[in-house]
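The values are calculated or read from the model by the stated rules, or taken from the named source; none is laboratory data. What you see is a predicted model; the values in this text were computed from it and never measured. When we count neighbours, we look across all protein chains shown, and the Cβ atoms used for this are built from the backbone with ideal geometry, even at glycine.
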Amino acid sequence: MSVHMTFEEQRLNLVKNLKEEGLIKSKAVESAFLKVPREKFVWPDEVENAYLDIPLPLGKTRQTISAPHMVAIMLEALELRRGLKVLEVGCGSGYSAALMAEIVGSNGRVVSIERIPELVEFAKRNLANVGYSDVVEVILGDGCLGYPPRSEEEIYDRVVVTAAASTIPKYLKKQTKQGGILLIPVGGSWSQTLKKLVKISVDKFDVKDVTECVFVPLVESDEAL
Ligand code: SAH
């Protein structure tokens with residue numbers, strides 16, 4: 001990436017490439033990518049790399065902010081629109097939460113759970129700096145239990161997990177509304193399949209494979225399985 005390009009130019013370039021690759025398909029996802037400044041979500045020593053289409057380390061936490069192409073694939077698969085209520089497991093930098101907030105708007109809500117306290121602080125700060133604190137609530141905890149933890153009510157229109165699961169946590173299935181979507185990478189440590197589950201009825205899901213992918217592991221407690 002040329003050092004002479006401004007962040008805005010780099011952002012436009014990234015969106016152009018993701019559209020050409022057929023990964024950004026909808027106007028809603030395109031506008032969100034154009035609006036949210038990724039340079040405000042990467043770790044400070046990675047700012048120069050903010051618009052490279054690769055995952056970047058989040059300091060010494062051993063976690064990463066996902067590559068933009070993977071975020072685009074997930075956002076399209078989620079079929080978001082204004083007013084929806086979303087649960088995210090794995091807030092990390094807060095970047096994907098900000099993009100979702102941009103799409104669901106002020107009548108919607110994004111609840112994003114993160115288990116590492118340092119990242120909860122980082123994400124909260126980033127989201128506040130860019131003006132998404134009213135829509136996104138960042139919570140410290142084990143996202144596999146859903147939010148509120150262990151609730152069996154159908155609370156969310158969309159549930160998205162941004163870390164690799166070995167199995168699909170039961171509370172996340174329960175907390176997805178009927179007709180809603182649960183998006184989750186499932187598989188082993190080195191590769192997973194991004195699964196899109198559409199909830200048909202209480203225990204019935206229509207399952208589709210979206211793409212092969214590689215995420216950092218979801219930390220899973222036995223209780224959540
Ligand atoms: N969506 C993020 C990418 C996050 S990487 C972004 O846009 O930056 C996955 C995140 O999931 C990591 O920060 C990791 O700490 C978190 N995580 C892993 N297991 C978790 C769990 N059980 N509950 C909540 N967060 C978890």
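What the table shows:
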{"quantity": "Hey, V214 touching a Ser or Thr at 6+ places or on another chain (Cβ under 7 Å), within 18 Å of P55 (Cβ to Cβ), touching a residue at least 12 places away in the same chain (Cβ under 8 Å) and among the hydrophobic types (A, V, I, L, M, F, W, C) or not", "calculated": "yes"}
{"quantity": "Top-ranked residue of the range 137-146 - restricted to ones that are crowded, with 24+ Cβ neighbours inside 10 Å and touching a Ser or Thr at 6+ places or on another chain (Cβ under 9 Å), ranked as farthest from A165 (Cα to Cα)", "calculated": "V138"}
{"quantity": "Where a residue in the range 105-122 is loosely packed, with under 13 Cβ neighbours inside 10 Å and its partner, wherever it lies, is at pLDDT 95 or above and among the acidic types (D, E), with Cβ under 7 Å and at least six apart", "calculated": "S106/D134"}
{"quantity": "Residue pairs meeting the criteria (Cβ under 6 Å; at least 6 apart or on separate chains; first on the phi < 0 side of the Ramachandran plot, in the range 89-102; second near the ligand (Cβ under 6 Å from one of its atoms) and among the small types (G, A, S))", "calculated": "V89/G143"}
{"quantity": "Checking R81 against (1) within 13 Å of the ligand (Cβ to nearest atom); (2) more than 20 Å from F7 (Cα to Cα); (3) within 16 Å of the chain's Cα centre (by Cα), the condition it does not meet", "calculated": "(1)"}
{"quantity": "Selection within the range 150-179 - out of contact with any helix residue (DSSP H, G or I) (no Cβ under 8 Å at 6 or more places or on another chain), over 22 Å from C213 (Cβ atoms) and not hydrophobic (A, V, I, L, M, F, W, C)", "calculated": "D157, K174, Q175, K177, Q178, G179"}
{"quantity": "Qualifying residues in the range 169-179 (those that are out of contact with any Gly (no Cβ under 7 Å at 6 or more places or on another chain) and buried (at least 22 other Cβ atoms within 10 Å of the Cβ)) - the one nearest to L145 (Cα to Cα)", "calculated": "P169"}
{"quantity": "Checking A77 against (1) buried (at least 24 other Cβ atoms within 10 Å of the Cβ); (2) assigned to a helix (DSSP H, G or I); (3) of a type in the set (G, A, S), the condition it does not meet", "calculated": "(1)"}
{"quantity": "Residue that is at pLDDT 95 or above, under 12 Å from Y95 (Cβ atoms), within 19 Å of the chain's Cα centre (by Cα) and of a type outside the set (F, W, Y), where the choices are R62, R38, R11", "calculated": "R38"}
